[in-house]
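Working notes, structure below.
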Amino acid sequence: MDNVFQMHIKDVFSFSDGRTVLVGAVQGGEHVLIKPGPCHVYVVDEKVETIRIEPEMIPQRTNPLELHSLRAVSTHDTTSLTKELVASRPCRLEGPMAVYGHRHLLGIDSPPNDYVPDTMTLGPRLPDEWDGDAWSGPGGSGVFLRAWNKATGRYALGSGSRYEEARQKLLDEVNHGNKRVVIAVTEEKA
């Protein structure tokens, strides 16, 4: 099953073609790919309706590296959300999502399904010829770090409830571990 995104709705407005637009911050930021389809609307943690959203509306950028904290989706469905409601009570939208990035790397363990790429840390500083990435759990509930060395075929993992704990485990494995990337292929007999 796909992961679920959470958009904390900050604004609602309508276009003349009948679409209602929901704008808000998405947990996981720009690494979350919002999938079109049915989504649940919550007001103060109570599910009030289900609407079908269109593909996400991507803003124009003058700088391709510029990050946007707000995202926008639209729907042709009728919704009970209003500017006043969104301004006065916590409202959120939840629905199916995927994650941009390489969650699964051949021969290396993947982060838990509900973890998203962590763009704040980008992982610890690694020795030359090592690459890596960092993933965070929902609401900061955990950290998953991994690193790999293409020249030697080695990889290392580190996880924990805090970044420093995961970082230390990863660096210990980089320096002393011996995990090897193994890709096994089995051939079916006809």
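The values are calculated or read from the model by the stated rules, or taken from the named source; none is laboratory data. Bear in mind the structure is a predicted one, so any value in this text is a computation, not a measurement. Cβ atoms come from the backbone with ideal geometry, glycine included; neighbour counts cover every protein chain shown. Ligands, DNA and RNA are excluded from the accessible area calculation, which covers all protein heavy atoms including side chains. Shrake-Rupley method; radii C 1.70, N 1.55, O 1.52, S 1.80 Å.
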- Item | Inter-site label distance for Glu165 and Val185 at 7 Å from Cα along Cβ, in nm | 4.0
- Query: In the set (i) 10.7; (ii) 15.9; (iii) 16.4, which value of mean projected area of the Cα convex hull in nm² was calculated from the structure you see?
  - Reply: (ii)
- Using a Förster distance of 35 angstrom, determine the FRET efficiency expected from the C-beta separation of Phe15 and Arg125, and round it to 0.05. 0.15
- Lys83: which lysines have alpha carbons under 26 Å from its alpha carbon, excluding same-chain residues fewer than 8 sequence positions away? Lys10, Lys35, Lys47
- Listed residues Ala87, Ala98, Ala72, most fluctuating in the chain (Gaussian network, C-alpha, under 10 Å): Ala87
- Message: As a test question: what accessible area, to the nearest 10 Å², does Leu70 have when a 1.4 Å probe is rolled over all protein chains in place?
- Response: 90
- Query: When the chain is treated as a GNM, springs tying every alpha-carbon pair under 10 Å, which of Val26, Val48, Val116 comes out with the largest mean-square fluctuation?
  - Reply: Val48
- Tell me, what ³J(HN,Hα) does each residue in segment 80-97 have, in order and in whole Hz, if you take phi through Karplus 6.51 cos²θ - 1.76 cosθ + 1.60 with θ = phi - 60° and put x for Gly and Pro? 7, 6, 10, 4, 5, 5, 5, 6, 9, 9, x, 10, 9, 10, 10, x, x, 8
- Roughly speaking, what % of Cα-Cα pairs in segment 116-190 are separated by over 13 Å, rounded to a whole number? 66
- Where trypsin sites (Lys or Arg not before Pro) in DSSP loops with at most 11 other Cβ within 10 Å are excluded, longest remaining stretch of the chain: 62-124
- The answer for the chain, accessible area per residue at 1.4 Å probe in Å², is 62
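Mind ranking Glu46, Glu54, Glu94 by accessible surface for me, highest first, 1.4 Å probe? Before the final figure, lay out each step's value.
Working: Glu46 120, Glu54 70, Glu94 30 Å².
Order by accessible area, largest first: Glu46, Glu54, Glu94.
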